[in-house]
1. Can you name every residue in the range 159-185 that is open to solvent by less than 50 Å² (accessible area, probe 1.4 Å) and out of contact with any Cys (no Cβ under 9 Å at 6 or more places or on another chain)?
2. Suppose we keep only residues that are among the small types (Gly, Ala, Ser) and open to solvent by 10 Å² or more (accessible area, probe 1.4 Å) within the range 204-221. Which one would you say is farthest from the ligand (Cβ to nearest atom)?
3. Which residue is farthest from the ligand (Cβ to nearest atom), if the candidates are limited to the range 247-269 and must be outside any loop (DSSP other than H, G, I, E, B) and open to solvent by 10 Å² or more (accessible area, probe 1.4 Å)?
4. Identify, from the list 488, 506, the residue that is closer than 22 Å to residue 365 by Cα and touching a residue at least 40 places away in the same chain (Cβ under 8 Å).
5. Hey, any hits in the range 555-564 for a residue that's surrounded by fewer than 20 Cβ atoms within 10 Å (Cβ to Cβ), over 27 Å from residue 360 (Cβ atoms) and modelled with pLDDT of 95 or more?
6. In the range 331-365, what residues are part of a loop (DSSP other than H, G, I, E, B) and open to solvent by less than 20 Å² (accessible area, probe 1.4 Å)?
7. Sort out which residues of the range 126-146 are in contact with a His (Cβ under 8 Å, 6 or more places away or on another chain) and more than 16 Å from the ligand (Cβ to nearest atom), and write them in order of number.
8. Quick one: which residue in 294, 260, 270 is touching a helix residue (DSSP H, G or I) at 6+ places or on another chain (Cβ under 7 Å) and touching a residue at least 24 places away in the same chain (Cβ under 8 Å)?
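The values are calculated or read from the model by the stated rules, or taken from the named source; none is laboratory data. Since the structure is predicted, the reported quantities are computational estimates derived from the model, not experimental observations. Glycine gets a Cβ as well: all are built from the backbone with ideal geometry, and neighbour counts include every protein chain shown. Side chains included, ligands, DNA and RNA excluded: accessible areas come from the protein's heavy atoms. Shrake-Rupley method; radii C 1.70, N 1.55, O 1.52, S 1.80 Å.
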Amino acid sequence: MPGYTPPLRDMRFVLHELLDVGKELAHLPPHAGLDADTINQVLDEGGKFASAVLFPLNQTGDREGCRFDPASRSVSAPAGFRDAYRQFVDAGWPSLACDPAFGGQGLPVVLNNALYEMLNSANQAWTMYPGMSHGAYECLRAHGTPEQQALYLPKLVSGEWTGTMCLTEPHCGTDLGLLKTRAVPQPDGSYRLSGGKIFISAGEHDLSANIVHLVLARLPQAPSGTRGISLFVVPKFLPDARGEAGARNPIHCGAIEHKMGIHGNATCQMNLDEATGWLVGEPDRGLNAMFVMMNAARLGVGMQSLGLTEVACQNAAQYARERLQGRSLTGVKAADQPADPILVHPDVRRMLLTARAYAEGGRAFSSYVALMLDREQHHPDAAVRQAAADEVALLTPIAKAFLTDNAWIACSEALQVLGGHGYIAEWGMEQYLRDARINMIYEGTNTIQSLDLLARKVLADNGAKLRQFGGKIRAFTDAHGNDTRLGEFIAPLADLGDKLGKLTMEIGMKAQQDRDEIGAAAVPYLRVAGHWVFAYFFARMAQIAIERESGGDDFYRGKLALARFYFARLLPETAMLIRQARSGAVSVMAMEASLF
Ligand SMILES: Cc1cc2nc3c(=O)[nH]c(=O)nc-3n(C[C@H](O)[C@H](O)[C@H](O)COP(=O)(O)OP(=O)(O)OC[C@H]3O[C@@H](n4cnc5c(N)ncnc54)[C@H](O)[C@@H]3O)c2cc1C
């Protein structure tokens, strides 16, 4: 049986020692009074909820899955999910980072982010229900009319109603320009929507009294492609005159998918048969409206993977401390035992440290991005807000793709630590690996994230955003360049920054002749950028650890050892990735289509 302990010590380190969030939040008027004690208390309580309520439902939810009843077209979540959701709502968790104008508690994204890491460690499938709702809340808050906001936001904020995002159709996933769902205007200002959506997470379930679907569809005469897509709010039950769930709207679940992981989350086929909806934002500008919530949602997927990385890592470490196999190459370590714990073996340690480096690097990086989201939303100076928005735009595809790719690696290594037992369901490791796989696919596949990074975020502005973030890294390497204790971190970090700059220029030049050069280089390019960002945060964490380890706190010794492992064993991957990215489009494009 796996276990889970919320990593509160490391969270406090990241928030207070690495990022000094109190100082940053003091500049943001809505959060100016938030002190470290309150932040820590919220983390403690969130950790208790995650470990005590959600974690025990993770394996049972995976085994049981969701059930679809064709007669009533209803979906039941696994046993215990509904009760856990009620407890979540009663405790006020859905409203944590929501606007007080709609009943929210107005706490910062960076805190909500840490909460979601713990929820995801405990139970990713369950966490997707409130997670999807938060996305719907963000979208309506940014683009809903005052009437729509008054009607839907308080219920989404309290968690009484949940939300979805209905984009995908059978013939269109990545290329939403192909979507066919139709919306016909009605004399009363509403629309009738008809069409079929697939793969809709939390599209139907028994956790909440109503489900608010945000649906992409086309108006009559809309231009083809992505410029002709509009966004609609389509509730499962139409709000009555009092704003309560009223008549059933014909948006029904036709089936649920049987899939590799996240069995406790209902992935639904949704049929709209002249369902009533209302336009959100401007006609034909639906994709733009959706993009508002994309940064937060993509970071949210990164947090799903960070949660899995952490819990897989914890369980593998626990196993390695107890499992006795073979003797250490340097002589017996546990003489009172028939064999040594497998933790003595260098390669077992490599696997554990790989998972842990991806967990702790991911926690530092994702918390930083979340803090930049807070700054983007609330800093009083417009220029500072814009700079934060540019950083978020640059870092979001990296957070989504790098963290989710790393989780796949980390969960696989963690499973391997358990040997054959890792492959057996009882230990929970194979579930983490299965659950982690979807995070690389939805919310824009990782290939699409890499194209977004290279083409839109880097090359489109001639590297301006990249240089802006690089300036922060350079300020750090300049400030600590003479500190010999940090030489092992500063030199490779600065060197990788130079190489990334050169690589960017080289791809940009090649792309002027052949656009396939971008597609051929993008995936290794994003991974190089991800390592560059991780190296920056590990160097900063190492600097703090070096300053503080003399106090005798083991935590800092562990942090320093992990940073050294990261630089020695994971960062060198960039040499191969740079060669791959530089090798160009020829090797992938040369083979004729008929030969595949
Ligand atoms: C469990 C689950 C839950 C989901 N939840 C939701 C949800 O709540 N709401 C929702 O709307 N959707 C949801 N999705 C859908 C998900 O977002 C899509 O599956 C995803 O966007 C990819 O679309 P697709 O499956 O049609 O693949 P395709 O778009 O057909 O892509 C197939 C492959 O081609 C690659 N590819 C496609 N276009 C390009 C390109 N231009 N350049 C390079 N490579 C390309 C892709 O990267 C991928 O590897 C969910 C899917 C699953 C499996």
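1. Residues satisfying the conditions are 159, 161, 162, 166, 167, 168, 169, 172, 173, 176, 177, 183.
2. In this case the residue turns out to be 209.
3. In the first step, residues of the range 247-269 are kept if they are outside any loop (DSSP other than H, G, I, E, B); the result is 247-248, 251-256, 267-269.
If we keep only those that are open to solvent by 10 Å² or more (accessible area, probe 1.4 Å) too, we end up with 247-248, 252, 254-256, 267, 269.
Numbers: 247: 25, 248: 21, 252: 16, 254: 15, 255: 13, 256: 10, 267: 4, 269: 11 Å.
Only one residue fits best here, namely 247.
4. Working: 506 fails: closer than 22 Å to residue 365 by Cα.
The unique qualifying residue is 488.
5. Among the residues of the range 555-564, not one is surrounded by fewer than 20 Cβ atoms within 10 Å (Cβ to Cβ), over 27 Å from residue 360 (Cβ atoms) and modelled with pLDDT of 95 or more, which makes the answer no.
6. Residues satisfying the conditions are 334, 339, 340.
7. None - no residue of the range 126-146 is in contact with a His (Cβ under 8 Å, 6 or more places away or on another chain) and more than 16 Å from the ligand (Cβ to nearest atom), so the list stays empty.
8. Values: 294 fails: touching a helix residue (DSSP H, G or I) at 6+ places or on another chain (Cβ under 7 Å); 270 fails: touching a helix residue (DSSP H, G or I) at 6+ places or on another chain (Cβ under 7 Å).
Every option except 260 fails the conditions.
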